[in-house]
Amino acid sequence: MYEIELLVNGRPYRGTAESRTTLADFLRHSLGLTGTHLGCEHGVCGACTILVDGVSARGCLMLAVQADGAIVETVEGLARPDGTLHPLQQAFRDTHGLQCGFCTPGMLMTLVELLRETPSPTEGEVREAISGNICRCTGYQSIVNAALRASGSCTIEGEAP
Amino acid sequence: MTGTSTPTDANVVTHAAVGRSVPRLEDPALLTGRGRFLDDIVLPDILHCAFVRSPLAHARIERIDVGAARALDGVHAVLTLADLLPMLASGRMPLGASPIKGENSSTPFVLSNKEVAYVGEPIVLVVAKSRYLAEDAAALVQLELTPLPVVCDAREAMEPGSPVVRTELKSNLLNSFNVGYGEVEEAFAKAAHVFSDDLWQHRGCGHSMEGRGVLAEIRPDNGLCVWSSTQMPHDVYYMLAAMLGIDQNALRVITPDVGGGFGPKYCLYPEEAAIPAATLLLKRTLKWVEDRRETFISSIQERDQYWSVEVAADAEGHLLGVRGRMVHDQGAYAPKPVNLPYNSATSMSGPYMLPAYSMDVHVVHTNKVPVSSVRGAGYPQAVFAMERTMDLIAVKLGLDRAEVRRRNLIPPEKMPYTKKLKARSGAAMVYDSGDYLASQAETLAAAGWDDFPERQRRALAAGRYIGIGLANAVKGTGRGPFESGVVRVGQNGKVSVFTGAAAMGQGLATALAQICADELAIPPEDVTVIAGDTSTTPFGLGGFASRQLVTAGSSVHLASKAVAGKAIKAASVLLEVSEDQLELGDGRVSVKGGNRSISLAELAQMLRGAPGYAFPAQLEPGLEASVQWKTDALAYANACHVVEVEVEPELGHVVLTRYVALNDSGRMINPMIVEGQIHGGIVHGIGNALYELMGYDAAAQPVTTTFQEYLLVTATELPTLETIYRETPSPKNPIGAKGVGETGTIPAAAAVISAVENALSPFGIRISQTPIPPETLFNLIEAARRSRAGSPA
């Protein structure tokens, strides 16, 4: 077992993990942050996408020990503490960008990264960005619409640096 | 508000939630990571499970050595069927819903102990402190297996001398039957034209993003609570109670948030019996969550069917008769034996008038993952067979493909139209409503069908192969026999809806809340919907056959109406005002044009009764109503899809350039949800057409067990989907709705293949299969080129 420390959604956590424990399992089972979902556990479906030091990562392919000292952002950190949804979350709701909601956390985190880097993406750029995230419910179009809708309003306010 | 709802009661002030794209009540939790899917449930002292599964497609189990696994630190138990049997009425799974009684040699075992019949069949259940340890221990279980002959192809499985899929069987033929009517031989004898084709539609997988999962907990009173990511909580409840030999009162089944169903969560699985049985045995809380590899090798798959179709047509392309043979690959076991092939065979004629029909159906076992429903449940294969046949007639007779369809579509004046077939319930197959000619015409116009030949000529001159295709479909939705709906006004005036319908991501709670809200004249967000909990809803069927909005929606509508009526009646007694002087609104019953009113909360409190106080003689206790709306009719939804593609012959690569889809699912309760279902359904069908191949080698060893090998559609493969909606209300239910969950999927593959074939018409290629991966397409093109080069000019 290894001692690790990490900052998740602005809160410091300390815990122990086996060398083989994935970061997704550590977040879900050790920290109780079950918003990050596991759809395939081989890095293709993207449901477990989180941001590690500002960059998207597959929670199922990264080990918890690799995240020692890292800043991690998960879906639980997107809404404001008062419950106000992040503009992207709100846009997902407005455009019906989710159905079962299982892939949604990974979609959101992938798109948060895109909109930070490319605040006004084209439809093609949005589709490219989520091409590593599988959704079986929506057919993607409503997700693309959500990202485009949020792109104008997605400010840095309230987000981790 | 732009709602189109009409008040159904003169006393109700309508809020017209129905017909509006009300934001979903489900969303806030799901968007913020507060959803509660099966693996998210945390209980004290939980133990985790893994299954040892067969590595061979057919083998005799000589010995199972669990010694090393049991010895591993952190492992609590390593269980075989012998260990679980004391907790089970039978080691074999019960037969699911089926019109054929008494079959039991085709259901799977809870765990296998003598023989395995497909790769992935569960043999041993490991229980450990963590899933990691359970998997470690599973790897230490030693299986001594003697390989037995394997049958991978359903057609070969039927041949005399073919080895049997399981040694307990005398033959691989599970069932064979004929579906038909009319004078088929006569039709062929008098036909101007007879054409034939052999078609194959491949099995794909459902692949909900959340896999299956089960959690079972012993309650303090020795009761058992089972959470399952299922489409059928009540099926799990009834079947488990019988299998485990426990009183129904001692069992509760709950479905938490379900991360998609798409069919594979429709069956009761061996794991859903093994985990509760082990929980009773060990008296510990156990959880098992399917991983993706397990989905590939143990969740239901569907569509493998081989159709040999002959069609008789007159000189103008009118259908005279269809006859043929269909072989349905059932896989190793049959949890629900006949529903899929029966659906396929009876739905082939779809929206067309077909005077005579005869289809011989053979349901055949193979050493592959068992087969049951995947989105569409037999309909996509039937539509593929029929629409390919329509294209064949058109190409052979030199007619426009849409024109051939137009000549054969059931015209609106013939509605309701009775097919000469019976639905599985035994009821006549009556198409209740719809205008298929108008649907096709509207779709063609939107897609620019008539202009396409000119565009295609110009493209071809520039060396580009573009094509257009179309497909029509009809889907019987809203299957009964009933669904439950209970509407209750609580003591605080809040409204709850309880239903046996199962939410699995479609937005069921929002749609039912809308229906309830309009009757009670409150906003939908003031309604809480509780679905999928057998402790709150004793009766229910669950999620399948695009049925839930039709059946549960009708029940909730009628129950809400009854509650509204009761509130008015109670207020009339209390306020001493006649009922027609009262109206419902804002959670109160008010005297029209006056200032006297009474709240729903007060009415609910009064109708609760109180000791020592008189209860109004005219009223029954409780401000609630329970309705189990029953139906033996299906509500027939219809769709028309037109697709444009461009094919690169040098690569066999297909690019979708345009997709226009019309859907008529009757009254739309929430148009946004309808659109979501249609989009998702279309993309599933596109996957079936072009990408999704569940590969097996000749030894029936699965060769696609990751998403790197089995390709699902991603956002970059799709054009913007253009959707058109018609609303032909169904006269068969009180809300006029028809199901929508599967109508997007059913015609999609047929439309895509029609377009691909059309793009390659300069090569004269016929495409008779799905999926059509690039290599297959490339080979077809090359073969056509060679044959052209070799043929005399």
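Points to keep in mind about this one:
- With eigenvalues of the C-alpha gyration tensor scaled by 5 and rooted, chain B, Å: 44, 38, 22
- Reachable lysines, given that their alpha-carbon falls under 19 Å from the alpha-carbon of B:Lys283 and they are not under 8 places away in the same chain: B:Lys129
- Remark on B:Ile530: its backbone amide H falls under 5 Å from those of B:Val497, B:Phe498, B:Thr499, a criterion applied only to residues 5 or more positions apart or on other chains, H modelled at 1.01 Å from N.
- Per-residue HN-Hα couplings for the range B:715-721 [Karplus 6.51, -1.76, 1.60; θ = phi - 60°; Hz; x = Gly/Pro]: 4, 7, 8, 10, x, 5, 7
- Neighbour counts of other Cβ atoms within 10 Å put B:Val713, B:Val550 in the fewest-to-most order B:Val713, B:Val550.
- Proximal lysines to B:Lys561, defined as alpha-carbon separation beneath 17 angstrom and excluding residues fewer than eight positions away on the same chain: B:Lys494, B:Lys569, B:Lys630
- For the protein assembly as shown, the Kirkwood estimate of the hydrodynamic radius, built from every pair of different alpha carbons, is 29.2 Å.
- Summary value for chain A: 24 percent relative contact order, contacts being C-alpha pairs under 8 angstrom separated by 6+ residues.
- Based on DSSP H segments of at least four residues, each scored -39500 (n - 2.57), chain A has a per-residue ellipticity at 222 nm of -7500 deg cm²/dmol.
- The range A:114-129 versus the range B:28-72: alpha-carbon centroid distance in Å: 38
- Summing charges over neighbours of B:Gln514, with a neighbour being any other residue whose Cβ is under 12 Å away from its Cβ, gives -1 when K and R count +1 and D and E count -1.
- Within the straight-line cut-off of under 18 Å between alpha carbons, the aspartates and glutamates reachable from B:Lys475 are B:Glu302, B:Glu387, B:Asp432, B:Asp435, B:Asp632, B:Asp664, B:Glu675, B:Glu727, B:Glu742, sequence neighbours fewer than 8 places apart in one chain being disregarded.
- Relative contact order (percent, whole number), chain B, Cα cutoff 8 Å, 6+ residue spacing: 15
- Residue-by-residue Karplus 3J(HN,Hα) for the range B:731-745, coefficients 6.51, -1.76, 1.60, Hz, glycine and proline x: x, 8, 8, x, 9, x, 8, 10, x, 10, x, 10, 5, x, 6
- The range B:138-185 versus the range B:615-674: alpha-carbon centroid distance in Å: 36
- Close amide H pairs (under 5 Å, H built 1.01 Å from N) link B:His76 with B:Val127, B:Ala128, B:Lys129, residues at least 5 positions away or on another chain.
- 14 Å beta-carbon shell around B:Thr537, net charge (K/R +1, D/E -1): -2
- Residues A:Cys135, A:Cys45, B:Cys225, A:Cys60 arranged by fewest to most Cβ contacts within 10 Å: B:Cys225, A:Cys60, A:Cys45, A:Cys135
- The ranking of A:Leu88, B:Leu619 from fewest to most other beta carbons within 10 Å of each one's beta carbon is B:Leu619, A:Leu88.
- Relative contact order [Cα under 8 Å, 6+ residues apart], the range B:571-718, whole percent: 11
- From its DSSP helices (H runs of at least four residues, each -39,500 (n - 2.57)), chain B gives a residue-normalised ellipticity at 222 nm of -8500 deg cm²/dmol.
- Sorted peptide list for B:723-733, B:417-427, criterion being average Cβ within 10 angstrom, highest first: B:723-733, B:417-427
Bear in mind that the values in this text are calculations on the coordinates, not laboratory data. These numbers were taken from a predicted model, which means no experiment stands behind them. Please note: Cβ atoms are built from the backbone with ideal geometry, for glycine as well, and neighbour counts cover all protein chains shown.
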